[in-house]
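The values are calculated or read from the model by the stated rules, or taken from the named source; none is laboratory data. Keep in mind the model is a prediction, meaning the values are calculated, not measured. Neighbour counts run over all protein chains shown; Cβ positions are idealised from the backbone, glycine included.
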Amino acid sequence: MRVAQVKEFGGPEVLVAAELPDPVAGPDEVVVAVDHIDTLFVQTQIRAGAFGEYFDVRPPYVPGGGVSGTVAATGSEVDPAVWAGRRVIAAVEPGSYASLAAVPVDHLVPVPDGLGLREAAALVHDGVTALALLDLTALAADETVLITGASGGMGTLLVQLARSRGARVVGVARGDEKVALVRKLGAHEVVDAASPDWPERARSVLGAAGADVVLDGVGGAVGAAAFPLTSDGGRFSAHGAPTGHGFAPVDPSEASGRGITLLGIADVQITPTRRVTLAARALEEAAEGRLRTVIGAVYPLGRAGEAHAAIEGRGVVGKVLLRA
């Protein structure tokens, strides 16, 4: 099978095309002929050698993530009448940057009719995490939510899902194109992070009380500036760090003094069973037209290094996918 393999830790150029033996389905597995492959910013950070304390990978390795595709073979304990030829998505750890993937059958999520496999791939991780975050923070109708990184793959989903819950949505995005997109997706107000005074502008939009919920998918200085915009007694989620400067640095004692519930990436670690449930919800929302995936670029599997470069360059609006 064709794969994109990290030959050593380093820049995007270390992600190269290679051939590996085709996977064989175990008794409770299927082999998926991969159509599209999800990409995440954290994959670029792992490739560069970061987060070794959290991810036990050693080159050469095939990055792990999510795929969409069609079931091409079934194991001895899998009913082919149910699964053979079925369109599915699945989280694949490791080895998702590949043309074939062996997946436990209980990790599969069927793709509803009317939803493309490309669009489904964009929901494998971001759709699941977005729903989990809104459940975790218990965002309610008539509350106000501030979403940083609102033009990214997950941010665009959070904007739509929060709006559908009846919340007042304030997005933070960088540049005219991204601001316009976030507004089009349903945000009531959008603040341009390119302006040095964006926190003050956000405060004027939010009002003196601030946001009931802040969903920070950026981290670093942006996350630090977003924290004071949380209302007393509110919820602050620091779940993203694509800036390379870590998650939002927040003083727990300050949060405690203001009655703010702090949430982090550890709070959205999702079991395989719950992942399947949340993924099915995300796919259904998309199939029914209530959730739009924003796909900014699609690269062939053999050009995965270029895809990583595009992700790190932050110029692409929405998701970057690979096409197997």
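General remarks:
- Residues (assigned to a loop (DSSP other than H, G, I, E, B) and of a type in the set (S, T, N, Q)) located in segment 192-244: 195, 243
- Segment 41-61, residues that are closer than 13 Å to residue 96 by Cβ and crowded, with 22+ Cβ neighbours inside 10 Å: 43
- Checked against (1) touching a residue at least 40 places away in the same chain (Cβ under 8 Å); (2) in a loop (DSSP other than H, G, I, E, B), residue 53 passes all but a single condition, namely (1).
- Taking (1) part of a helix (DSSP H, G or I); (2) surrounded by fewer than 16 Cβ atoms within 10 Å (Cβ to Cβ); (3) at pLDDT 95 or above in turn, residue 266 satisfies each apart from (3).
- Filter result (without any contact (Cβ under 8 Å) to a residue 40 or more places away in the chain, more than 24 Å from the chain's Cα centre (by Cα) and part of a loop (DSSP other than H, G, I, E, B)) within segment 11-50: 21
- Some residue of segment 236-253 being closer than 24 Å to residue 183 by Cα, of a type in the set (Ser, Thr, Tyr), touching a residue at least 12 places away in the same chain (Cβ under 8 Å) and not assigned by TED's automatic domain parsing to the domain that holds residue 319: yes
- Matching residues in segment 245-263 - criterion: being surrounded by 12 or more Cβ atoms within 10 Å (Cβ to Cβ), modelled with pLDDT of 95 or more and either part of a loop (DSSP other than H, G, I, E, B) or among the polar types (S, T, N, Q) (or both): 258, 260, 261
- Which listed residue is surrounded by fewer than 24 Cβ atoms within 10 Å (Cβ to Cβ) and not small (Gly, Ala, Ser), from 108, 158, 146: 108
- Options 124, 103: the member that is in contact with a Gly (Cβ under 6 Å, 6 or more places away or on another chain), on the phi < 0 side of the Ramachandran plot and of a type outside the set (Asp, Glu): 124
- Failed item, numbered, when residue 124 is tested on (1) in a helix (DSSP H, G or I); (2) touching an Asp or Glu at 6+ places or on another chain (Cβ under 6 Å): (1)
- Selection from segment 217-244 of residues that are among the polar types (S, T, N, Q) and at pLDDT 90 or above: 230, 231, 237
- Of all residues making up segment 197-221, the number that are of a type in the set (A, V, I, L, M, F, W, C), surrounded by 22 or more Cβ atoms within 10 Å (Cβ to Cβ) and farther than 20 Å from residue 166 by Cβ: 2
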